[in-house]
Structure formats: C-alpha cells, structure tokens
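The next block holds one structure in the form of structure tokens; read it before the comments.
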Amino acid sequence: MDNNTQKFIFVQNQISIILLGWGLISLLMGATLFYFNNDFIRGIGTQFLAWGLGNSLIGMFIIIRKSQYSSKKLVKILLFNSFLDLIYLLIAIVLIFEIFINGDSAVGHGFGVLFQGFFLLIFDTYYGIRILRI
C-alpha cells in the first residue's frame, strides 16, 4: 500500500469518526434543548436532534461498512455537500429573518440550521480540499 493510499484511508476514517462524534454531541445537545419551555430554544433543539441523527447514522454506516470510496468519488461527494451546505445557510437566513414563517420557533429552527450548516460547510470543504491534495 503506497503512502497516498494510507493517507487517504486515514483521512476517510477521520471523517467518519468526526461526523459520528459531531452527530452524537448534536443529539445530546438537541435532547437537552428540546426540554426547555421556550419555542426558540426548542426549535434549535429540534434541529440539533434531526441533524445529529442524520450525521450519526452516516458516520456509523461508514464505520460499520468499512466502505472505501475512491478519492475522486469522495471529493465529489464532499464538494457537492459544500454546495448543499450553502443552501442550508440560505434557508437558515430565511428562517431567522422570518421571511415566510413568523415566530420564535422559526427563528430557533433557523439558528439550529445555521449552526449545523456552518459546521458542515467548514467540515465538507476542508476535507474535500484535503483529499484533493493527497
């Protein structure tokens, strides 16, 4: 196994572990925030629960399956996800500024999406560029 292949496998494992960790932390945070008696905070908690579940499942799936993507395929996935993350941030802004939906809950959902989307934008872009350099 050459050095670049070892680096790629290491980075792919890093991606799955970080994604699983982020997902589990989001689930814990979401479960905690969901029990507050405040629509704004519950909105954030709901988003953390939803995103945490999705990220945890993706991270676990990669770890359990031990799937090895080609570097080109993984770069495409990560950079496409970076594009989707920008869309999530736009949706967050729409919710925060109550463009279509009014209320504290909508603003809370917006901040939840903003926080999760911003993390994923940095995560996906960083690892997409990192794999391109291998």
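The values are calculated or read from the model by the stated rules, or taken from the named source; none is laboratory data. From a predicted model like this one, the values you see are computed outputs, not experimental measurements. Because the Cβ atoms are built from the backbone with ideal geometry, glycine has one as well, and the counts that use them run over all protein chains shown.
Key figures for this structure:
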read-out	value
Subset of the range 85-134 that is aromatic (Phe, Trp, Tyr) and part of a helix (DSSP H, G or I) - its residue that is surrounded by the most Cβ atoms within 10 Å (Cβ to Cβ)	TYR127
Filtered residues of the range 14-38 (kept if surrounded by 14 or more Cβ atoms within 10 Å (Cβ to Cβ) and closer than 16 Å to ILE77 by Cβ)	ILE15, SER16, ILE18, LEU19
Residue in the range 102-116 that is closer than 25 Å to PHE10 by Cα, modelled with pLDDT under 95 and within 11 Å of the chain's Cα centre (by Cα) present	no
First in the range 51-77 and of a type outside the set (A, V, I, L, M), second anywhere and assigned to a loop (DSSP other than H, G, I, E, B), Cβ under 7 Å, 6 or more apart	SER71/ILE134
Exclusive hit being at negative phi and free of Cβ contacts under 8 Å to residues at least 24 places away in the same chain, set PHE8, PHE40, PHE34, PHE48	PHE34
Sole exception among (1) modelled with pLDDT of 95 or more; (2) crowded, with 17+ Cβ neighbours inside 10 Å for ILE62, by number	(1)
